Every structure is written in C-alpha cells, then in structure tokens.
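The values are calculated or read from the model by the stated rules, or taken from the named source; none is laboratory data. Since this is a predicted model, take the numbers as computed values, not measurements. Methodologically, a virtual Cβ is constructed for each residue, glycine included, from the backbone with ideal geometry; neighbour enumeration extends over all protein chains shown.
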Amino acid sequence: MKPDAEGLAAAARRASKRGLPPVHAWNPPFCGDLDMRIARDGTWHYLGTPIGRFELVRLFSTILRRDGDDYFLVTPVEKVGITVDDAPFVAVDFEVTNPGPDQVITFQTNVGDFAAAGPEHPIRVERDPDTGEPSPYVLVRDRLEALIDRKSFYRLVDIGTHEPHAGKSWFGLRSQGSFFPIIPSDELT
C-alpha cells in the first residue's frame, strides 16, 4: 500500500490527542518514501507544493523521527521516509529569563515547540568550511534539531560571553548553567 499524507494525518491526529506521541517506541514496517520535504527555511512541502495550514504541519511534526541521518513520519502502523534539507525545525524566536550567569534561553520553533537550552537541549554551531558562515542549531527533542534563524542568532550574539573552553577562550552562550561555545575568541573580528 502506497503511503499518503491524508492517512498519516488521520493517524497523527489520533496519536497526538494525548500530547507528543511516543514515536521513539514505535517500530512499524517501512512503507516507502513520501514526496514530502522540509526546506531549510522550515517550509513543509507535499508533492512539491508548500503546506499552507499550520495545524497540518504541526500535526506532522509530532510524528517526525530521525533514525541515523534519515527522517521518517511514524505512526503505530506505518513508517514513511521524507526529505529534510537541513534541520526539521527552525528556531524563530527566544526568550531569556534571569539574565546573567544563571540565565535560561528558551527557544520557540516554527511548529510551536519550546526548548530551554541546557544539558538536554544543547546549542551547537557548524561553520561552512568554505565561507566560515555559521549555522547554529538547538536540540528540540530526541535527535531533532532546529536551525536558529538569522535574526535570533544576531540577538544571541548580543548576550554571548567569553569563557575558557578546551584550553582557550571561546565566545559562546550560557543557559541553565551550561556554556555552549560558538567561536574561538581570537577568531572574532
């Protein structure tokens, strides 16, 4: 049976009535790939067309799972592969509570998830080897990350600090008592 978005949406609705479904615990058979793609900007596409209904995107996001480098929509009875260009979510905003050394940075994603950066939700930054351009991410849930959007990243830079890390000074972010290095201090211009 060929997987379809309508059937997955119905299964996701049933499962999500109780909060985030336990997709990590489900082991249904692989039913093939679905022509669904999440673009780098967080836009979900089905059959090449953007999905315009936030409620449907939110619903699909609740049954998303990452196994290795592959992404799947998973229900108790089927598992279908989808394409993710970069990260499945985009962190579109954040709030800082208790500014200073004990601050907490809480991110909001494009699908309505919240993640307070810390040991369970680390921030990491990848740099393009050719341009040095940073791509910052925060772990949202179970191997699913959000790319931190540019405006939020610029705001984060304003609250960054220089701290020792791995034997040298780094510029980074502090949240929930954890320090997340972004760039060696001596590389800042």
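Below is a table of values for the structure above.
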quantity	calculated
Hits in the stretch 138-159 (condition: buried (at least 19 other Cβ atoms within 10 Å of the Cβ) and hydroxyl-bearing (S, T, Y))	S152
Candidate set from the stretch 125-183 (those that are within 16 Å of the chain's Cα centre (by Cα) and in contact (Cβ under 8 Å) with a residue 60 or more places away in the chain); member that is farthest from L73 (Cα to Cα)	S152
Residue count for the stretch 58-96, restricted to those that are within 19 Å of the chain's Cα centre (by Cα) and either assigned to a strand (DSSP E or B) or without any contact (Cβ under 8 Å) to a residue 24 or more places away in the chain (or both)	23
Residues that are at pLDDT 95 or above, in a strand (DSSP E or B) and surrounded by fewer than 18 Cβ atoms within 10 Å (Cβ to Cβ), drawn from the stretch 169-189	S169, S178, F179
Boolean, A117 is in contact with a strand residue (DSSP E or B) (Cβ under 8 Å, 6 or more places away or on another chain), modelled with pLDDT under 95 and either surrounded by fewer than 16 Cβ atoms within 10 Å (Cβ to Cβ) or within 24 Å of I63 (Cα to Cα) (or both)	no
Subset of the stretch 131-168 that is outside any strand (DSSP E or B) and touching a Phe, Trp or Tyr at 6+ places or on another chain (Cβ under 6 Å) - its residue that is farthest from T109 (Cα to Cα)	G160
Residue tally, condition at positive phi, touching a residue at least 24 places away in the same chain (Cβ under 8 Å) and loosely packed, with under 11 Cβ neighbours inside 10 Å, over the stretch 97-114	0
Output for the stretch 120-130, where each listed residue is over 22 Å from Q176 (Cβ atoms) and in a loop (DSSP other than H, G, I, E, B)	D128, P129, D130
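Yes or no, residue by residue, for (1) assigned to a strand (DSSP E or B); (2) of a type outside the set (A, V, I, L, M); (3) under 21 Å from the mean Cα position of the chain (by Cα):
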residue	(1), (2), (3)
G19	no, yes, yes
H24	no, yes, yes
N27	no, yes, no
C31	yes, yes, no
M36	yes, no, yes
D41	no, yes, yes
H45	yes, yes, yes
G52	no, yes, yes
L56	no, no, yes
